[in-house]
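Engineer: The structure that follows is given in the form of structure tokens.
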Amino acid sequence: MFTHFFIARPIFAAVVSLVITIIGAIGYRGLAVNQLPEIAPPTIVVSNASAPAELQVPVVITFDLTTNCDMLMDFHRDFGTKYQGWLDDDGLVTTGWVNLLRYVIGQPAEQVLISVAQKYTWREIWNDEKVRIEFQNALRDALPGASKARTDGREFFTNFQVTVLNPDPVDEGLKEAIIAEQKAIADARAADVAKVARAYRGSVLTAWYLICLLYTSPSPRDRTRSRMPSSA
């Protein structure tokens, strides 16, 4: 019924669509977009004693909060009330909610990162992709059990997804020194490649010269014939 009404009145339908779009744009500006806590600063880890240095390890962790009504009531009673972990009147997360997540998830994540970092030098943590993957896998394996242990054995948080970004040295001077060292190594390799290329080019030219000389020079038989008198 309504479909035929708007089909028969295309101008009216276009005006209604435009009004809805304008109202949606105005309403969008008033929405609370900070529904999740701000991203926590990267965890600071220290590499092993053979080459100690501080590095920042940025981590992004996502998870699901249980949708079971009874468990949610228990969570609100035992943890939400304790930490005041809820949204404020503007629909934004409170400091209490951030503190609750830091206790249940953030602190165990930091402990895992620090433990893994002790196995490697700072250069390996910074440059080795395998170490970053190990950080990621260790967090993914440890967080479900660690968060459950901090909520009295009840599994309020599930489906953890972890992304570990590239670690970065805290000391900018150290970072700049390593970048300069890597550039020097790259320049030296480029110089070696250029040297080999020049040598190869020289050997090719020499080979072509010898081939040309071989084909343009008269053979010993030709030289002998040129010295023989004519039969005439």
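The numbers here are math on the coordinates, done by the rules we state, and not lab data. Here the structure is a predicted model, which means the values were calculated and not measured. Note that we place each Cβ from the backbone using ideal geometry, even for glycine, and neighbour counts take in every protein chain shown.
Engineer: Quickly work out the GLN118-to-ALA13 label distance, labels modelled 7 Å from Cα along the C-beta direction, and quote it in nm with one decimal.
Structural biologist: That separation, rounded to one decimal, is 6.9 nm.
Engineer: Can you list the HN-Hα couplings for segment 67-74, worked out from phi with the Karplus curve (6.51, -1.76, 1.60; θ = phi - 60°), rounded to whole Hz and with x for Gly and Pro?
Structural biologist: Whole-Hz 3J(HN,Hα) from phi for segment 67-74: 9, 5, 4, 5, 5, 5, 4, 5.
Engineer: Work out how much length LEU92 to ARG77 would gain on full extension: take 0.36 nm times their residue separation and subtract the Cα-Cα distance, in nm to one decimal.
Structural biologist: Numbers: separation 15, 0.36 × 15 = 5.40 nm, distance 2.02 nm.
In short, 3.4 nm is gained.
Engineer: Checking the table LYS148/LYS175; LYS175/LYS195; LYS82/LYS119; LYS119/LYS148 against a 28 Å threshold on Cα-Cα, which pairs fail?
Structural biologist: Details: LYS148/LYS175 38 Å; LYS175/LYS195 30 Å; LYS82/LYS119 37 Å; LYS119/LYS148 26 Å.
Exceeds cut-off: LYS148/LYS175; LYS175/LYS195; LYS82/LYS119.
Engineer: Can you check what the Kirkwood hydrodynamic radius comes to for segment 94-171, Cα pairs only, in Å to one decimal?
Structural biologist: On the way: mean 1/r = 0.0738 Å⁻¹.
Here the Kirkwood hydrodynamic radius works out to 13.6 Å.
Engineer: How far apart, in nanometres, would the label points at ILE23 and ASP128 be if each is projected 7 angstrom from Cα along the Cα-to-Cβ direction?
Structural biologist: 6.1
Engineer: Using Cα positions and a limit of under 19 Å, work out the aspartates and glutamates in reach of LYS183, with same-chain residues fewer than 8 apart set aside.
Structural biologist: Answer for LYS183, where 19 Å is the Cα cut-off: GLU124, ASP128, ASP168, ASP171, GLU172, ASP192, listed by chain and number.
Engineer: According to the square roots a ≥ b ≥ c of the eigenvalues of the Cα gyration tensor, what is the shape class of segment 62-209, taking rounded for a/c under 1.5, prolate for a/b larger than b/c otherwise, and oblate for the remainder? Before the final figure, lay out the partial values.
Structural biologist: Values: a/c = 3.80, a/b = 3.40, b/c = 1.12.
The shape class here is prolate.
Engineer: Moving on. Compute the FRET efficiency between ASP171 and ALA149 as 1/(1 + (r/R0)^6), taking r as their Cβ-Cβ distance and R0 = 35 Å, and round to the nearest 0.05. Display every interim value, and only then the final one.
Structural biologist: Working: r = 35 Å, r/R0 = 1.00.
Here the calculated transfer efficiency is 0.50.
Engineer: Can I ask one more? I need the GluC sites (Glu not before Pro) found in segment 66-165, filtered to DSSP loop residues with at most 15 other beta carbons within 10 Å of theirs.
Structural biologist: Values: sites: GLU110, GLU124, GLU129, GLU134, GLU155; in loops: GLU155.
Taking segment 66-165 and a limit of 15 other Cβ atoms within 10 Å, the loop GluC sites (Glu not before Pro) found are GLU155.
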